[in-house]
């Protein structure tokens with residue numbers, strides 16, 4: 001088994017304001033198949049500016065399949081639960097040790113006002 005992880009940063013906005021820190025949660029997950037449950041590598045709420053930094057690891061025999069999940073209420077306050085958005089993390093950003101500055105995946109600024117492919121609703125908090 002080898003140590004594998006990802007380090008990702010970015011910022012979420014909702015229209016022309018920052019995504020709300022108390023209702024926008026981000027989580028890195030290694031998607032596993034079969035009976036092995038998915039592994040949460042790191043999770044946080046975004047800060048007051050909508051920014052986040054996640055950095056986490058797991059041990060697996062095969063390459064991990066990391067994704068970034070985002071739960072938000074942006075433009076859906078009247079709807080039940082949170083919007084759940086999934087972003088695939090490219091394999092080239094998988095690391096085996098503490099990330100160096102150039103190994104962080106910076107996704108930039110993403111406006112959550114948009115709709116995203118395979119978006120779902122989930123009540124998690």
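The numbers here are math on the coordinates, done by the rules we state, and not lab data. Every value quoted in this text rests on a predicted model; they were computed, and no experiment measured them. Virtual Cβ from ideal backbone geometry, glycine too; neighbours counted across all protein chains shown.
Kirkwood hydrodynamic radius of the stretch 59-125 from all distinct Cα pairs, in Å? So the Kirkwood estimate lands at 14.2 Å. Taking other C-beta atoms within 10 Å as the exposure proxy, 36, 42 rank 36, 42 from fewest upward. Taking 73, 83, 59 in turn, the Gaussian network model of the chain (Cα-Cα springs below 10 Å) assigns the largest fluctuation to 59. For the stretch 2-122, pairs of C-alpha atoms spaced more than 25 angstrom apart make up 24 percent of the total. Relative contact order, whole percent, for the chain stands at 35, derived from Cα pairs under 8 Å and 6 or more residues apart. Peptides 48-54, 24-30, 116-122, 99-105 ranked from most to least packed by the mean count of surrounding Cβ atoms within 10 Å: 24-30, 48-54, 99-105, 116-122.
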